[in-house]
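> Can you keep this structure in mind? I'll have questions shortly.
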Amino acid sequence: MAHTRVVQCVCDAMKEYCFDAAGHMITEADASGATLRAEIYAGDRHLATWTPASGGSTFFNHADWLGTERARSSSSGSRCETITSLPFGDGAVTSGTCTPTPTFFTGKAGSAEVGAVCLPPRFSKGIEL
């Protein structure tokens, strides 16, 4: 199984990202190679995020019937974050104390530097008349 590695340098701070074959970011590491965050997937479903803080903390994602992440809980089972929004993701309001992952309404990573979400291109088959 092939993995893709990407390095990002912002203001002399380097981070390395490892992606699985499906294109999910599964680990984020600092310049020394220490893991900052690991994402856990089952197929395309984002199940949890692990961070090394406090000896290793796991935060579980809870999605609605459409697969949109709406809440997160700690490994003890207590809810630590909720996300509400309008039907198409606009007007998102996040409340709570745990934000272990930068994925939001779309399930894709956002960039704090530019305030955008990284979405893969969409392709559609042309219509023949």
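The values are calculated or read from the model by the stated rules, or taken from the named source; none is laboratory data. Since this is a predicted model, take the numbers as computed values, not measurements. Cβ coordinates were reconstructed from backbone atoms using ideal geometry, including for glycine residues, and neighbour counts include every protein chain displayed.
> Within the range 36-55, can you find the residues that are in a strand (DSSP E or B), over 12 Å from the mean Cα position of the chain (by Cα) and surrounded by 10 or more Cβ atoms within 10 Å (Cβ to Cβ)?
If the condition is that a residue be in a strand (DSSP E or B), over 12 Å from the mean Cα position of the chain (by Cα) and surrounded by 10 or more Cβ atoms within 10 Å (Cβ to Cβ), then LEU36, THR51 are the ones that fit.
> For the structure I just gave you, tell me whether ARG72 is among the basic types (Lys, Arg), in contact with a Gly (Cβ under 9 Å, 6 or more places away or on another chain) and either surrounded by 16 or more Cβ atoms within 10 Å (Cβ to Cβ) or part of a strand (DSSP E or B) (or both).
yes
> Evaluate the following for CYS18: is it modelled with pLDDT under 90, in a strand (DSSP E or B) and either touching a Ser or Thr at 6+ places or on another chain (Cβ under 8 Å) or of a type in the set (Val, Ile, Thr) (or both)?
Against the criterion (modelled with pLDDT under 90, in a strand (DSSP E or B) and either touching a Ser or Thr at 6+ places or on another chain (Cβ under 8 Å) or of a type in the set (Val, Ile, Thr) (or both)), CYS18 qualifies.
> May I ask you to say which residue of GLY33, GLY67 is surrounded by 10 or more Cβ atoms within 10 Å (Cβ to Cβ), at positive phi and modelled with pLDDT under 90?
Every option except GLY67 fails the conditions.
> Also, I was wondering about something else. Restricting the range 75-100 to residues that are part of a strand (DSSP E or B) and β-branched (Val, Ile, Thr), which is surrounded by the fewest Cβ atoms within 10 Å (Cβ to Cβ)?
Among residues in the range 75-100 that are part of a strand (DSSP E or B) and β-branched (Val, Ile, Thr), the one surrounded by the fewest Cβ atoms within 10 Å (Cβ to Cβ) is VAL93.
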